[in-house]
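Novice: Here you go, one structure.
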Amino acid sequence: MNQYLMAAPGTRQISGDDKIFGINKSAHDMSKIIGPENVVNATIGALLDDEGKLMVLPSIVEAYKSLSPSEIAEYAPIAGVPSFLTNVKTAVFGQYIPNGYIEAIATPGGTGAIHNTIQNYSLSKDTILTTDWFWGPYKTISDELGRNLQTFTMFDENKKLNISAFETETKALLKKQSHLVILFNAPAHNPTGFTPDDKEWDVLMDVLKKEAKNTEKKITLFVDAAYIDFAGDPDTSRKFFTKFSNLPENILVIVAFSMSKGYTLYGMRSGAMVCITPNKAIAEEFKTINMYSNRATWSNGTRPAMSILSRIFENTDLYKKVAQERADFKSVLDKRAQAFLESSKKCGLELCPYESGFFITIPCENAEAIGQELQKEAIFIVPIGKGLRFAVSAVSQDKCKIVPEKIASLIKNL
Ligand SMILES: Cc1ncc(COP(=O)(O)O)c(C=O)c1O
């Protein structure tokens with residue numbers, strides 16, 4: 001049956017209601033009946049306190065309240081407020097600024113950066129490459145823009161980054177296409193919590209450099225760093241950015257910055273795309289073409305969020321306050337993840353390699369059926385094809401401790 005009533009047909013595959021929000025609603029419905037203390041709602045990709053309320057950095061709210069009316073309400077320039085565009089480079093790279101031409105463009109969250117990158121650095125009907133565990137909107141955005149999304153197997157048998165699968169798929173696509181966009185979510189990958197180590201980054205970049213020897217090919221590595229502020233040590237977790245220094249000019253790196261998680265401004269829709277290239281003209285083109293796409297889609301970004309970022313990076317006391325509050329939030333997250341990891345180890349529940357971040361993934365067969373069965377035990381978790389995604393960001397430490405045993409026993413018995 002044709003599901004389009006008025007809308008023009010296209011390459012989009014419209015799948016109806018959002019699955020995660022559907023499971024979340026079921027969890028809330030059950031909470032009303034048996035009480036929230038008896039329900040595990042591990043669906044939401046936001047940091048919630050033990051009572052299920054959103055954790056918002058108090059200093060960010062204070063900074064918002066101190067903005068002048070025009071800092072809140074005025075249109076931002078299409079590319080973003082100039083001070084935001086300067087400060088966002090520090091917010092992304094910290095002290096690890098790669099060598100090359102670096103330019104930034106404001107986007108509505110990391111999502112906007114994904115949209116512009118696919119739109120401008122791949123051709124219509126091209127295939128985009130990502131890991132086989134990936135954030136669902138990668139597919140939605142590719143579909144919407146008339147691109148295919150293909151995956152490579154993310155982990156090898158030692159639970160390390162599967163470089164040989166990455167190399168095989170990269171090579172195969174570059175045989176067919178002149179342009180290749182690779183969406184790579186790191187560090188603290190959603191949904192697994194994986195972070196490549198130093199060597200894995202080196203080998204990944206070596207693969208791309210080898211492919212780039214064919215100068216007719218144009219490779220864009222999109223590093224989705226949405227969770228960087230919850231990925232280990234705030235300083236050293238940024239060290240990998242120096243790997244993007246002095247690349248061949250047909251490798252463009254674009255880093256996605258998001259104010260959703262690290263600044264707890266999920267609903268403000270603010271972020272940026274930041275490019276690194278050895279070629280000045282490519283950096284200039286990056287600004288022009290992505291400003292054009294901003295204009296053609298959402299126009300300007302959110303002014304108050306940009307003003308807040310500038311305030312933070314231009315005021316040492318505020319910066320320190322945000323860093324301390326964030327460290328406190330992160331320690332809540334780390335304790336929950338630790339509890340989940342320890343319990344999983346005890347009961348032999350297999351997990352994808354988790355380092356840090358909002359989610360832990362349990363690879364398993366029959367994920368849908370197990371997800372359904374868990375709901376009968378008041379555990380709401382998201383089946384994602386080859387596994388189950390558990391949001392440690394949204395579940396108390398006590399609950400994180402008890403859930404693995406229940407999942408392990410269902411996997412054994414189903
Ligand atoms: C992997 C990943 N990338 C990017 C984003 C972008 O988020 P936003 O558009 O809110 O910045 C998210 C948010 O959940 C995410 O999980």
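Novice: Can you list the HN-Hα couplings for segment 279-293, worked out from phi with the Karplus curve (6.51, -1.76, 1.60; θ = phi - 60°), rounded to whole Hz and with x for Gly and Pro?
Specialist: 10, 4, 5, 5, 5, 5, 4, 4, 5, 5, 6, 7, 5, 4, 5
Novice: I've got another one for you. Quote the Stokes-Einstein diffusion coefficient, in whole µm² s⁻¹, for the chain, based on the Kirkwood radius over alpha carbon pairs, a temperature of 37 °C and a viscosity of 0.692 mPa s.
Specialist: 148 µm²/s
Novice: Taking the Cα atoms of segment 19-98, what is the range of coordinates along each of the three principal axes, in descending order and whole Å?
Specialist: Largest first, segment 19-98 extends 51, 36, 25 Å along its Cα principal axes.
Novice: Amide H of F155: which non-local residues (sequence gap of 5 or more, or other chain) have their own amide H closer than 5 Å, using H built in the peptide plane?
Specialist: Distant-sequence amide H within range of F155: N162.
Novice: While we're looking at this one, here's another question. Quick check for you: which residues of segment 74-89 have the amide N under 18 Å from the point 7 Å beyond the Cα of R295 toward its beta carbon?
Specialist: 75-82
Novice: Let me ask another. Per 0.36 nm of contour for each residue apart, how much would the distance between E74 and S164 grow if the chain were fully extended, relative to their Cα-Cα spacing?
Specialist: Once the chain is fully extended between E74 and S164, it gains 27.4 nm.
Novice: While we're on this one: What are the ³J(HN,Hα) couplings of segment 354-361, residue after residue, when phi is run through the Karplus curve with 6.51, -1.76, 1.60 and θ = phi - 60°? Round to Hz, x for glycine and proline.
Specialist: 9, 10, 6, x, 7, 10, 10, 10
Novice: Roughly how many nanometres apart are two label points built 7 Å out from the Cα toward the Cβ at K335 and L5?
Specialist: Each label point lies 7 Å from its Cα, and together they span 5.0 nm.
Novice: Could you work out the relative contact order of segment 75-315, using alpha carbon pairs under 8 angstrom and six or more residues apart, expressed as a whole percent?
Specialist: 32 percent
Novice: Further question: Hey, what did the chain get for relative contact order, percent, Cα under 8 Å, at least 6 apart?
Specialist: It comes to 25 percent, rounded to a whole number.
Novice: If you don't mind, another one. Taking the DSSP beta bridges in segment 75-315 as the whole, what percent of them are antiparallel, to the nearest 5?
Specialist: 40 percent
Novice: Quick one: if you stick a label point 7 Å off each Cα along the C-beta vector at Y101 and E216, how many nm between them?
Specialist: With each label point 7 Å from Cα toward Cβ, the separation is 2.5 nm.
Novice: With label points built 7 Å along Cα→Cβ from the Cα atoms of I33 and T316, find their separation and express it in nm.
Specialist: It works out to 5.8 nm between the two label points.
Novice: Semi-axes of segment 87-193's equivalent ellipsoid from the Cα gyration tensor, sqrt of 5 times each eigenvalue, largest first, rounded to whole Å?
Specialist: 23, 19, 15
Novice: Could you go through segment 376-388 in sequence order and give the Karplus-derived ³J(HN,Hα) for each residue, using 6.51 cos²θ - 1.76 cosθ + 1.60 with θ = phi - 60°, rounded to whole Hz, and x for Gly and Pro?
Specialist: Residue by residue, segment 376-388 yields 5, 9, 6, 10, 10, 9, 9, x, 10, x, 8, x, 10 Hz.
Novice: Something else about it: Working only with C-alpha atoms, what are the Rg and Dmax values of segment 75-315, expressed in angstrom?
Specialist: 16.6, 51
Novice: Run the numbers on segment 272-379 and let me know its relative contact order in percent, using alpha-carbon pairs under 8 Å that are six or more apart.
Specialist: Computed value for segment 272-379: 10 percent relative contact order.
No lab work stands behind these numbers, since they all come straight from the coordinates. Bear in mind that the values here come from a model prediction, so they are computed numbers and not experimental data. Here the Cβ is made from the backbone with ideal geometry for all residues, glycine too, and neighbour counts use every protein chain on show.
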